[in-house]
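Q: Okay, here's the structure, questions in a sec.
The values are calculated or read from the model by the stated rules, or taken from the named source; none is laboratory data. Source: prediction; values computed, not measured. Every residue, glycine among them, receives a Cβ derived from its backbone with ideal geometry; neighbour counts consider all protein chains shown. Accessible surface is based on the protein model in full, side chains and every heavy atom, while ligands, DNA and RNA are left aside. Shrake-Rupley method; radii C 1.70, N 1.55, O 1.52, S 1.80 Å.
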Amino acid sequence: MGPLILILLLCAGLSCGLDIINQEERVPKSFNDNHENFMFATLPIQTEDDIVNQTEVPVSSWGGLYPQTSVSREVKPLDGVWSFRLSPKDDPDKGFRELWFEKPLSTTGTVIAMAVPSSYNEVTEDKNIREHVGWAWYDTQFYVPARWQDEKKRVVLRFGSVTYNSIIYLNGKAITSHLGGHLPIMADVTSSLMYSSKNLLTVAVNNTLTPETIPQGTIIFHNDLSRYPPGYFEQKYNFDFFNFAGIDRPVFLYTTPQTYVDNIRVITKVFNTQGSYSASIEYDITSQSPAGQDNASCSVFLVDANDTLVVNGSSCSGTLTVSQPQLWWPYLMDPIAGYQYTLWVRVTGSLDEIDEYPLKVGLREVAWNTSGVTINGRPLYIRGCGKHEDADIRGKGYDAALVVKDFALLKWLGANSFRTSHYPYAEEIMDRADAEGIMVIDESPAIGLSGFDPALRDRHIAVMEEFIMRDRNRPSVIMWSVGNEPKSSQLAADDYFRAVVNASKLADPTRPVTAVLSESVNSDLAAQWLDVIWVNRYFSWYSDTGHLEVIQRQTVTEFQEWHSKFQRPVGISEYGAGSIPGLHMGPSFTWSEEYQTELLLNNFKAFDDLRDQGFFMGEMIWNFADFLTPQEYNRPAMCMKGLFTRTRQPKMAAQVTRARYHDLAEWDNSCERRQGSTPDEDDSTSEELNGIFAIPAKDARLRAKEEESFSEFDYDDFEAKRKEGEVLDTRRGIVERSSEFLVQSQAQCLSDAAASRQTRVQAFAHVFGFGLA
Ligand code: GCB
């Protein structure tokens with residue numbers, strides 16, 4: 001039989017059968033239309049047999065539940081030091097042609113050690129590895145316990161992610177493949193494993209980006225032989241972070257019984273009746289049983305953080321009610337933030353085989369209307385940062401120490417949120433966000449998209465569905481971002497975003513869907529389809545550089561325009577300035593720490609003005625920390641807009657942000673409290689506040705109406721009407737909250753708060769010698 005060779009799209013334009021023609025830029029052809037689920041290059045598919053075999057290999061489109069141990073499950077990590085080799089740049093197919101996956105890589109050529117998980121780029125001293133474009137190969141060898149076979153365990157191999165396209169081989173055979181990075185890959189390997197000898201696991205990963213991949217990129221061929229060697233090409237992409245690649249997240253084998261929990265969905269709702277909360281969990285369990293057996297039965301047990309049983313259920317889908325719940329609150333919104341219960345899910349097969357899976361559940365409900373977002377009925381103001389998975393040596397590789405440090409810094413800042421700019425982050429990071437009460441704007445890898453053809457749209461929708469499936473049970477995730485800075489003034493963006501946003505809403509109607517925009521308010525065609533609007537603006541940095549005095553006017557004017565045109569909550573998702581740590585210049589000057597700080601202070605004044613107007617939902621600084629960029633002349637190796645250096649040391653801007661974010665948290669809580677009490681009652685301690693000052697309960701009628709409109713919701717009709725401006729949003733989760741919280745006493749309090757913050761800003765300005773407009 002011909003070798004089973006899977007070549008993903010990405011070598012296609014490099015040397016795989018494409019003529020080098022005399023043009024400077026072109027797009028490599030990359031999809032094989034005969035294989036809907038696969039992207040193949042043109043070589044080395046040599047026989048029909050190969051093609052048939054290729055279609056038999058599944059593409060992983062869902063990574064499955066995160067591996068967890070339980071009485072019925074074992075987890076075996078495969079992380080460590082693996083063998084590694086690049087395919088030569090001028091011969092990308094070599095590994096496939098020479099069947100590198102059939103034997104240990106060390107027997108077919110030179111290998112080096114490579115850390116898994118890690119991006120491979122910055123780990124070695126080899127510039128070719130850092131700058132590589134094309135295929136890279138990894139392998140490792142391992143044993144599994146023989147008893148797994150005796151006990152008839154089902155065994156699953158799972159990668160947290162491999163960036164970007166990958167083919168995975170076990171014992172010489174391709175077992176699965178995946179399109180794109182940042183999302184998990186799962187394969188049932190029960191029958192591919194060897195239980196009495198060593199196993200060989202090989203991964204081929206390709207980091208090439210094309211106009212059809214998400215994110216997009218272009219290969220530029222330089223064909224002028226007087227200036228470049230033959231076959232010379234380079235990868236370009238429309239984003240400023242370094243294009244790290246490799247096996248960047250943990251790799252596990254785990255076992256389940258033959259009857260097993262396949263998937264779980266939970267939707268949590270929160271009810272507030274005269275200051276007293278209750279909550280519900282709607283759950284839906286999917287299980288699999290061996291052929292010929294009846295469907296498994298299910299039971300669920302909700303335990304609190306002390307493992308005390310709270311409530312249980314005995315069906316595969318249903319609703320659990322939790323009276324007097326400890327709700328999931330964001331950091332600094334309640335003395336107890338990030339509280340989670342555990343939902344133990346048990347399935348029992350018809351032959352009494354049992355599988356148990358523990359799922360963390362935070363009880364919270366997000367809602368939104370045309371002017372704001374609420375959590376558990378309380379108005380939410382989002383204060384945070386855009387981030388990156390980025391650190392020296394590891395690149396985007398998961399590192400527990402780094403993650404713990406980053407959450408410590410976020411909390412030190414007083415931030416209550418971050419955005420997973422510009423791709424889904426590791427599940428281990430999301431776990432910390434859930435546990436620490438840090439809210440997440442969960443963003444897809446669709447950065448800087450343009451073109452918007454149907455193939456890209458379908459790929460984008462597939463990515464959104466896979467991504468939402470991964471993160472939909474997480475309390476920290478409060479909204480989905482379908483992407484960052486699309487070229488949304490292109491005509492095709494209109495239908496494109498309608499489709500992608502609607503597919504995302506269908507996948508999860510319980511959270512607002514957004515995109516982070518950068519086109520002008522008058523030319524953008526995506527905002528109309530979004531529930532909430534985030535905009536990136538770099539006044540006095542990319543425009544009017546050096547003129548800090550224009551920030552307030554420009555910011556206030558523009559964000560008012562977005563709200564008034566689209567009648568949605570609006571927030572700023574990126575703003576900031578680069579600063580070289582240690583560069584001090586007074587009066588402030590671009591790239592100095594003073595300039596970055598003064599720019600933030602001017603923005604703070606503008607945000608307080610916008611907050612007073614009732615539609616401004618949040619502020620997010622770009623960026624949490626400095627991060628590596630491609631090599632370019634306008635940046636000193638990194639994007640320097642971090643509040644922290646790449647090694648996580650604070651710059652001057654971090655100190656003022658910390659003051660602002662803690663102030664915001666304090667005032668927002670205290671103003672909300674004032675709204676629910678008379679001023680005389682207003683001296684309760686924060687411990688006593690838990691649960692008593694929230695917005696009055698939605699009355700039963702309103703909720704019933706919401707439920708009804710949710711179940712009957714017709715997206716097409718809704719969109720048509722929304723486009724005509726006839727309706728706002730009527731889906732469940734929408735509350736008419738403005739009249740509830742913009743009562744007089746709160747308005748007064750908010751204005752006092754703004755005044756107090758202004759005093760703080762003035763004080764900083766005075767100390768630093770800044771002039772504020
Ligand atoms: C942006 C992008 C972000 C960049 C930033 C910058 O608008 O969304 O990815 O890093 O600008 O610093 O230029």
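Q: Kirkwood hydrodynamic radius for the range 311-405: how many Å is it when counted over pairs of different Cα atoms? Write down the numbers at each step before the final one.
A: Working: mean 1/r = 0.0573 Å⁻¹.
Every distinct Cα pair counted, the radius reaches 17.5 Å.
Q: What percentage of all Cα-Cα pairs in the range 60-146 are separated by more than 14 Å? Intermediate results must be reported in sequence, preceding the final value.
A: Values: 2670 of 3741 pairs.
That tail contains 71 percent of the Cα-Cα pairs.
Q: Which of the peptides 163-171, 73-81 is most tightly packed, and how do the rest follow, judged by the mean count of other Cβ atoms within 10 Å per residue? Display every interim value, and only then the final one.
A: Details: 163-171: 24.6, 73-81: 16.0.
In descending order of packing, they fall as 163-171, 73-81.
Q: Using the heavy atoms of the protein chains alone and a 1.4 angstrom probe, what is the accessible area of the range 153-302 per residue in square angstrom? It would help to have the intermediate numbers written out before the result.
A: Values: 4550 Å² over 150 residues.
Roughly 30 Å² per residue, with all protein chains present.
Q: Would you kindly calculate the translational diffusion coefficient of the range 175-243, applying Stokes-Einstein with the Kirkwood radius from alpha carbon pairs, for 10 °C and a viscosity of 1.306 mPa s, and quote it in µm² s⁻¹ without decimals?
A: Working: Rh = 15.8 Å.
Stokes-Einstein gives a translational diffusion coefficient of 101 µm²/s.
Q: Separate question: Keeping all protein chains in place, calculate the accessible area per residue for the range 444-558 (probe 1.4 angstrom), answer in Å². Mind showing how you got there, number by number?
A: Working: 3410 Å² over 115 residues.
Per residue, the range 444-558 has an accessible area of 30 Å².
Q: How do the peptides 176-182, 496-502, 103-109 rank, highest first, by the average count of neighbouring beta carbon atoms within 10 Å per residue? Walk me through the numbers on the way to the answer.
A: Details: 176-182: 25.0, 496-502: 22.6, 103-109: 14.4.
Ranked from most to least packed, the peptides come out as 176-182, 496-502, 103-109.
Q: Here's another thing I want to ask about it. Below 8 Å between Cα atoms, with a sequence gap of 6+, how large is the relative contact order for the range 248-356 in percent? Display every interim value, and only then the final one.
A: Numbers: 219 pairs, mean separation 32.6, N = 109.
Computed value for the range 248-356: 30 percent relative contact order.
Q: So, one more: Based on the Kirkwood radius over alpha-carbon pairs, what value in µm²/s does the Stokes-Einstein equation return for the translational diffusion coefficient of the range 500-599 at 20 °C and 1.002 mPa s?
A: So the translational diffusion coefficient is about 141 µm²/s.
Q: Size of the range 134-220 along its principal axes in angstrom, Cα-based, largest extent first?
A: Cα spread of the range 134-220 along its principal axes, largest to smallest: 53, 19, 16 Å.
Q: If eta is 1.306 mPa s and T is 10 °C, what Stokes-Einstein diffusion coefficient results for the range 259-383, Kirkwood Rh from Cα pairs, in µm²/s?
A: On the way: Rh = 15.8 Å.
The Stokes-Einstein estimate is 100 µm²/s.
Q: Considering every pair of different Cα atoms, what Kirkwood radius, in Å, is found for the range 437-555?
A: Working: mean 1/r = 0.0663 Å⁻¹.
After inverting the pairwise mean of 1/r, the radius is 15.1 Å.
Q: So for the range 60-144, averaging the separation of alpha carbon pairs under 8 Å that are six or more residues apart and normalising by length, what relative contact order in percent results? Numbers along the way, then the final one.
A: Working: 84 pairs, mean separation 30.9, N = 85.
36 percent.
Q: Which entries in the list Lys269/Lys505; Lys127/Lys236; Lys103/Lys236; Lys76/Lys396; Lys411/Lys565; Lys76/Lys387 go over 28 Å, if you measure between the two C-alpha atoms of each? Present the calculation step by step, with values, prior to reporting the outcome.
A: On the way: Lys269/Lys505 17 Å; Lys127/Lys236 18 Å; Lys103/Lys236 34 Å; Lys76/Lys396 23 Å; Lys411/Lys565 35 Å; Lys76/Lys387 30 Å.
Lys103/Lys236; Lys411/Lys565; Lys76/Lys387, as the Cα separations exceed 28 Å there.
Q: What ranking do 218-225, 462-469 get when scored by the average of other Cβ atoms within 10 Å per residue, highest first?
A: Numbers: 218-225: 15.9, 462-469: 21.2.
In descending order of packing, they fall as 462-469, 218-225.
Q: Also, I was wondering about something else. Tell me, what is the percent relative contact order of the range 477-519, built from C-alpha pairs under 8 Å that lie six or more residues apart? List each step's numbers first, then the result.
A: Values: 45 pairs, mean separation 27.5, N = 43.
Worked out over the range 477-519, it gives 64 percent.
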